[in-house]
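Everything on this sheet refers to the single structure shown next.
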Amino acid sequence: MPTLVTGGTGFIGAELVRQMLARGERDITVFDISPDLGRLRERAGEVGFIQGDLGNMSHVLDAVKRTQPEAIFHLGGMLSLPSDADHAAALRVNALGTFHVLEAARLFDVPQVFFSSTFATFGADIDDVEVIDDTTLQRPDFFYGATKVFGELMGRFYRRKYGLDFRALRYPSIVGPGVRTPAIVQFMSWLIEESARGNPFTVPVAPRTVVPILYYRDAAGAMLLLGEAPRERIQTVNYLVDGPKPTLSVGDLVELVRARIPSARIEFRPDPELQTLLDRFMKPIDDSRARQEWGWTPSWTPERMVDDMLAAVRV
């Protein structure tokens, strides 16, 4: 079926496109502000590409009109640290950009929109919460999370008023190779990559720190699985997803790396401000609604994840 993927040259977006191609889908168009196909370079001839800005409604309307998709996977947007650094840009790209996608879907009769949200929609008022689930109060501390909450709520509005089949995933921290956009816990990916390259790496938190993570291949697979679920099964609409249980500590992840690279030079030097933030914010995730309603379960164990990343870096 015709499919439009916003942010399709990005981290999760490009993997989503690759998995769709592997399943035999061919009518795929990528919409992205970057003209560099980057992660899709080897598959460039198999997908369409439209360069455009989510914050520009004309760009989005034109892309949807031209492609007439049956589904839009909306993964484009600014991440956490860039959003906090330039909140005006994040408002335009993340909040207005999502409105533009939803309105284009309404105007051009696109049946489905799948939205990439985040664990960062939770923030204040979770100090006394032991586990975060889909009913936990969303009151984010970061502007990035605020724009994503707005996106989720807009999607629910379009679902109620216009019958749009809107669904969303609230991702935890995503781990995978080749990410360069700064994020609060990007060190989880970098400690694996730098060790594979033979470089020393300093982890800015204590070994005991637990960060919910999901491998980028699972992140893309979860979006596809959510899209395949019968509409009548979708009750919660905006879903938390998490990786394998129990969640590893940062120290556990380092030990997995050292087991494969005994010469890895990894040290811990906690940053007090970051440590305080993560101790308060990083809580266990209960993704049981996704598991019950549409069969979510992660495929990539921590061991497979580390092996796959090491292989990717060494190529």
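Assorted remarks:
- The one condition in (1) buried (at least 20 other Cβ atoms within 10 Å of the Cβ); (2) touching a helix residue (DSSP H, G or I) at 6+ places or on another chain (Cβ under 9 Å); (3) farther than 24 Å from Ala22 by Cβ that Asp287 fails to fulfil: (2)
- Filtering the stretch 54-84 to residues that are open to solvent by 30 Å² or more (accessible area, probe 1.4 Å), part of a loop (DSSP other than H, G, I, E, B) and under 12 Å from His100 (Cα atoms) leaves only Asn56.
- Residue satisfying condition, being closer than 30 Å to Phe268 by Cβ, basic (Lys, Arg) and open to solvent by 20 Å² or more (accessible area, probe 1.4 Å), within set Arg156, Arg180, Arg170, Arg160: Arg180
- Residue match in the stretch 23-32 (condition: more than 19 Å from Ala104 (Cβ to Cβ), buried (at least 23 other Cβ atoms within 10 Å of the Cβ) and either of a type outside the set (D, E, K, R) or in contact with a Cys (Cβ under 8 Å, 6 or more places away or on another chain) (or both)): no
- Looking only at the stretch 85-121, and only at residues there that are open to solvent by 40 Å² or more (accessible area, probe 1.4 Å) and of a type in the set (A, V, I, L, M), the one that is farthest from Gly163 (Cα to Cα): Ala85
- Hits in the stretch 64-85 (condition: more than 23 Å from Gly221 (Cβ to Cβ) and either of a type in the set (Val, Ile, Thr) or at pLDDT 95 or above (or both)): Val64, Lys65, Arg66, Thr67, Gln68
- The numbered conditions (1) open to solvent by less than 10 Å² (accessible area, probe 1.4 Å); (2) assigned to a loop (DSSP other than H, G, I, E, B); (3) not β-branched (Val, Ile, Thr) are all true for Ala220 except (2).
- Members of the stretch 12-22 found to be open to solvent by less than 20 Å² (accessible area, probe 1.4 Å) and of a type in the set (A, V, I, L, M), listed by number: Ala14, Leu16, Val17, Met20, Leu21
- Count of residues meeting criterion [of a type in the set (Lys, Arg), assigned to a helix (DSSP H, G or I) and touching a residue at least 12 places away in the same chain (Cβ under 8 Å)] in the stretch 259-300: 3
- Every condition in (1) of a type in the set (D, E, K, R); (2) out of contact with any helix residue (DSSP H, G or I) (no Cβ under 8 Å at 6 or more places or on another chain); (3) surrounded by 14 or more Cβ atoms within 10 Å (Cβ to Cβ); (4) touching a residue at least 60 places away in the same chain (Cβ under 8 Å) holds for Asp308 except the one numbered (2).
- Annotation: of all residues in the stretch 39-53 being open to solvent by 30 Å² or more (accessible area, probe 1.4 Å) and either in a helix (DSSP H, G or I) or aliphatic (A, V, I, L, M) (or both), the one that is farthest from Gly13 (Cα to Cα) is Gly45.
- Within the option set Arg41, Arg106, being free of Cβ contacts under 8 Å to residues at least 60 places away in the same chain and more than 23 Å from Arg180 (Cα to Cα) holds for one residue only, Arg106.
- The stretch 196-205 - residue that is out of contact with any strand residue (DSSP E or B) (no Cβ under 6 Å at 6 or more places or on another chain) and open to solvent by less than 40 Å² (accessible area, probe 1.4 Å) and, of those, modelled with the lowest pLDDT: Ala196
The values are calculated or read from the model by the stated rules, or taken from the named source; none is laboratory data. Every value quoted in this text rests on a predicted model; they were computed, and no experiment measured them. Note that each Cβ is placed from the backbone with ideal geometry, even for glycine, and that neighbours are counted across all protein chains shown. We work out accessible area using only protein heavy atoms, side chains counted, and drop any ligands, DNA or RNA first. Shrake-Rupley method; radii C 1.70, N 1.55, O 1.52, S 1.80 Å.
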